[in-house]
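Note sheet for the following structure.
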Amino acid sequence: MQNLHFGEWFNPRKAKRGSDYFMALCREIVGQQLSGKAAGSIFKRFENLLGSKITPQNIIARKDQEMRDCGLSWAKVKYIKSLAQLVHDKVIDLEALPTLPDEDVVGELVKVKGIGPWTAEMFLIFTLNRENVFSFGDLGLKKGIEKVYSIKDPSKDKIAKIVNKWDPYKTYGSIALWHSLEVKITDYR
């Protein structure tokens, strides 16, 4: 853990304003509960199916089975289609997300079936490059706390006491914890 290479994981100066937030959220949904390698392979097939641009319109136009054939579970097909419909219908304005506080971004995103706090927090960290995010639902972060602080099965309150000391740079602490477990950035992106 001597050389963390934060810029490899996270660089707030390289904030991805104007990024394809829709594609980033699709990637987050695809990657839920999968290894980085498996998620990357499925997402590549998903990209190949949709051609050059992953858009709500392209997804709405696809048959569920076509998306399923990429390796997506039926639930993830449903979640991505739901996201596409909500964005298409302007129920969710992804372009407004960078202007919102973290809590409001999470609140907007969890309106989408299949996007919970963990997915929204990974979006905050890796797409919006927010500096003060810690995901209490991330098992890797909990394992990192256990390892670095030599605590067995810490409660959420115990973790919060540790993490709150990192304010306003919780994201950097999160990265350090993932790094302590020798997690590579490609495992997440």
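The values are calculated or read from the model by the stated rules, or taken from the named source; none is laboratory data. No experiment lies behind these values; they were computed from the predicted model shown. Note that we place each Cβ from the backbone using ideal geometry, even for glycine, and neighbour counts take in every protein chain shown.
Can you say whether ALA120 is assigned by TED's automatic domain parsing to the domain that holds PRO56 and more than 30 Å from SER41 (Cβ to Cβ), as far as the supplied structure shows?
It is false that ALA120 is assigned by TED's automatic domain parsing to the domain that holds PRO56 and more than 30 Å from SER41 (Cβ to Cβ).
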Query raised in the report: Picking from GLU131, GLU95, which residue would you name as being touching a residue at least 40 places away in the same chain (Cβ under 8 Å), outside the structural domain of GLN33 (by TED's automatic domain parsing) and either over 22 Å from SER35 (Cβ atoms) or basic (Lys, Arg) (or both)?
Result: GLU131
Requested in this report: For residues that are hydrophobic (A, V, I, L, M, F, W, C) and assigned to a helix (DSSP H, G or I), scanning just segment 140-156, find the one that is surrounded by the most Cβ atoms within 10 Å (Cβ to Cβ).
Outcome: LEU141
Report summary line: Output for Cβ contacts, cut-off 7 Å, separation at least six or different chains, first residue not assigned by TED's automatic domain parsing to the domain that holds GLY36 in segment 140-166, second among the basic types (Lys, Arg) and not in a helix (DSSP H, G or I), reads GLU146/LYS152
Report summary line: Taking segment 50-63 and keeping residues in a helix (DSSP H, G or I), touching a residue at least 12 places away in the same chain (Cβ under 8 Å) and out of contact with any helix residue (DSSP H, G or I) (no Cβ under 6 Å at 6 or more places or on another chain) leaves GLN57
Report summary line: Those residues of segment 57-85 which are within 15 Å of GLY114 (Cβ to Cβ) and crowded, with 18+ Cβ neighbours inside 10 Å amount to ILE59, MET67, LEU72, LYS76, VAL77, TYR79, ILE80, LYS81, LEU83, ALA84
Requested in this report: Select from segment 98-116 the residues that are in contact (Cβ under 8 Å) with a residue 40 or more places away in the chain and part of a helix (DSSP H, G or I) and write down the one among them that is farthest from ARG27 (Cα to Cα).
Outcome: PRO98
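Is it fair to say LYS53 is assigned by TED's automatic domain parsing to the domain that holds GLY31, exposed (fewer than 14 other Cβ atoms within 10 Å of the Cβ), modelled with pLDDT under 95 and within 14 Å of GLU28 (Cα to Cα)? Let's see the steps before the verdict.
Working: assigned by TED's automatic domain parsing to the domain that holds GLY31: yes; exposed (fewer than 14 other Cβ atoms within 10 Å of the Cβ): yes; modelled with pLDDT under 95: yes; within 14 Å of GLU28 (Cα to Cα): no.
Criteria not met by LYS53.
With the structure loaded, tell me whether ILE159 is outside any helix (DSSP H, G or I) and not basic (Lys, Arg) or whether it fails that test. Give the derivation first.
Values: outside any helix (DSSP H, G or I): no; not basic (Lys, Arg): yes.
No; evaluated as a whole, the condition is false for this residue.
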Query raised in the report: Just wondering, is there one or more residues in segment 117-127 that are at pLDDT 95 or above and not in a helix (DSSP H, G or I)?
Result: no
